[in-house]
Amino acid sequence: MNISIIGTGYVGLVQGVVMADFGMNVICMDVDCSKISMLNKGKVPIYEPGLEELLNKNIATGRLHFTGNIIESIHNCDIIFIAVGTPSKEDGSADLKYILEVARQIGRNIKRRIVIVNKSTVPVGTGKLVRQTIQEELDARNAKIDFDVVSNPEFLREGRAVQDCLLPDRIVIGTESDRAAEMMKKVYDVLFINQTPFLFTNIETAEMIKYASNAFLAVKISFINEMALLAEKAGANIQEIARGMGMDGRISPKFLHAGPGYGGSCFPKDTRAIADIARNHGEQLMIVEAAINANEKQKQKMVEKITSELSKKKKLSETAIAVWGLSFKPETDDVRDAPSIDIIRGLIKEGIKIQAYCPKGIPEAKWRLEDVQHAVTYFDSEYSVAEGADALVLITEWAVFRGVNLKSIRELMRGNIFFDLRNVFRKNKEIKNIFEYHSVGGSD
Ligand code: NAD
């Protein structure tokens with residue numbers, strides 16, 4: 001089977017590599033020529049554990065290729081996966097311009113019957129829109145070519161993307177075409193044999209499963225964060241509360257970790273998008289909207305927590321804070337909508353100077369924080385960043401921070417306050433002898 005993947009980002013690249021590993025012939029296409037030229041040299045343009053090894057293994061088999069030429073990627077393929085970005089517009093709706101541009105190119109260039117699969121996260125109804133766009137281009141060429149449209153949303157988690165694609169919890173396939181369903185089974189034959197659960201639905205249902213899943217997880221995070229705010233005031237301990245809740249099989253302990261708020265390339269934009277989709281259908285998703293607002297408030301609460309403690313000690317304009325972790329989660333270089341960005345901006349607004357370190361997030365954080373660069377200095381280790389700081393704030397729980405020598409960190413600092421926004425050190429018995437320690441969701 002010949003597969004073309006259009007959009008070679010976090011999703012398209014990982015899926016392309018994994019599908020080649022499943023035995024498919026894959027060509028990955030992207031408009032970003034610098035990405036393609038790196039990939040052609042066997043280098044991965046993002047940080048994703050295990051990806052570079054699998055990439056080179058599959059390049060060596062001759063099954064995996066990269067191109068910047070969309071026509072080359074479309075010709076000779078049986079299935080096209082669209083994996084371009086669907087960012088938020090100003091009003092929160094999903095911007096479909098990249099998807100529709102690809103659909104137009106497909107309509108202009110296909111020569112025989114193929115299957116077009118939407119892997120990007122797209123609003124309900126996009127499958128129909130893609131079909132209509134392709135058909136318009138075929139009509140303009142006076143070409144009578146049949147084609148199928150499929151929705152196959154992606155559920156990978158950055159930082160564990162390779163593993164998630166090799167061993168997914170489920171594969172959702174939305175299509176009205178038996179032929180397309182059979183071809184999709186062939187693509188995922190390895191998973192089919194491994195008894196991965198498959199769910200076949202209509203296109204609209206598949207499109208909505210993705211948004212509903214992300215919205216539910218975002219609600220769960222915002223819920224536990226709200227409980228953490230209350231626990232802190234009421235003298236309760238959020239980690240014990242989450243444990244007690246999670247013991248109930250109906251609740252499960254996953255996604256019950258209080259923290260600085262959710263971020264990343266999916267939850268913020270997908271919650272905004274599904275709320276917008278609902279409004280367009282004359283409904284209001286009050287729970288999802290509450291989760292979005294609670295998440296914004298949570299980031300603001302973190303800024304208030306830090307500034308109210310620090311202002312007891314000295315003027316904020318004379319304060320320097322060391323930040324551990326900028327990426328939206330560990331094991332990725334992705335800083336899109338990361339809580340670190342809003343928290344850092346909030347602290348800078350109060351006159352605080354930032355010293356920042358992240359194992360992989362610095363390059364992207366640098367351009368995202370370019371407008372406040374006068375107030376941020378970047379460091380190259382978890383130790384050097386602490387030098388001369390009045391306080392340390394752990395925002396993203398990279399494993400490297402768990403193993404530090406806390407006494408050495410304290411000795412490098414000017415002050416002694418530690419805000420652990422991920423509750424990493426909460427059970428560490430030593431911590432309060434070394435720092436004035438603040439976690440999320442007291443009682444410490
Ligand atoms: P990304 O920004 O990393 O990658 C998108 C790629 O598409 C970019 O490399 C861009 O250059 C390319 N592109 C844009 N227009 C193009 C065109 N006309 N032709 C060819 N290439 C084009 O985005 P991503 O994180 O991979 O996300 C892609 C989609 O998958 C989004 O809809 C996202 O919501 C969804 N998704 C993402 C994740 C995740 O964890 N990142 C997980 C599940 C689903």
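The values are calculated or read from the model by the stated rules, or taken from the named source; none is laboratory data. Everything numeric here is computed off the predicted structure, so don't read it as measured data. We place every Cβ from the backbone using ideal geometry, glycine too, and count neighbours over all the protein chains shown. We work out accessible area using only protein heavy atoms, side chains counted, and drop any ligands, DNA or RNA first. Shrake-Rupley method; radii C 1.70, N 1.55, O 1.52, S 1.80 Å.
Quick look at the numbers
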{"quantity": "Three-way shape label, segment 2-201, alpha-carbon gyration tensor, a/c 1.5", "calculated": "rounded"}
{"quantity": "Residue-normalised accessible area of segment 346-425, expressed per residue, 1.4 Å probe, Å²", "calculated": "43 Å²"}
{"quantity": "Accessible area, probe 1.4 Å, largest first, for residues Leu167, Leu285", "calculated": "Leu167, Leu285"}
{"quantity": "Surface accessible to a 1.4 Å probe, per residue, for the residues of segment 2-201, Å²", "calculated": "43 Å²"}
{"quantity": "Cross-link reach list, lysines versus Lys429, counting only Cα pairs under 20 Å and skipping chain neighbours closer than eight places", "calculated": "Lys407"}
{"quantity": "Cross-link reach list, aspartates and glutamates versus Lys269, counting only Cα pairs under 14 Å and skipping chain neighbours closer than eight places", "calculated": "Glu90, Asp91, Asp95, Glu289, Glu296, Asp337"}
{"quantity": "Cα-based equivalent ellipsoid, the chain: semi-axes from gyration tensor eigenvalues, Å", "calculated": "43, 24, 20"}
{"quantity": "³J(HN,Hα), Karplus 6.51/-1.76/1.60, whole Hz, each residue of segment 327-338, x for Gly, Pro", "calculated": "4, 6, 7, x, 6, 9, 9, 7, 10, 4, 6, 5"}
{"quantity": "Relative contact order [Cα under 8 Å, 6+ residues apart], segment 215-438, whole percent", "calculated": "17 percent"}
{"quantity": "Whole-percent carbon and sulfur share, accessible surface of segment 215-438, 1.4 Å", "calculated": "53 percent"}
{"quantity": "Cα centroid of segment 358-395 to Cα centroid of segment 45-90, whole Å", "calculated": "32 Å"}
{"quantity": "Three-way shape label, segment 244-393, alpha-carbon gyration tensor, a/c 1.5", "calculated": "prolate"}
{"quantity": "Under 16 Å, Cα to Cα: Lys pairs in segment 2-201, sequence gap 8 or more or different chains", "calculated": "9"}
{"quantity": "Charge tally in the Cβ shell below 10 Å around Asn416, where Lys, Arg are +1 and Asp, Glu are -1, Asn416 excluded", "calculated": "+1"}
{"quantity": "Residue-level accessible surface for Lys312, protein heavy atoms, 1.4 Å, Å²", "calculated": "140 Å²"}
{"quantity": "Candidate residues Leu100, Leu138, Leu230: accessible-area rank, largest first, probe 1.4 Å", "calculated": "Leu230, Leu100, Leu138"}
{"quantity": "Computed accessible area, His65, all protein chains, 1.4 angstrom probe, square angstrom", "calculated": "100 Å²"}
{"quantity": "Carbon and sulfur %, accessible surface of segment 2-201 computed with the full protein complex present, 1.4 Å", "calculated": "50 percent"}
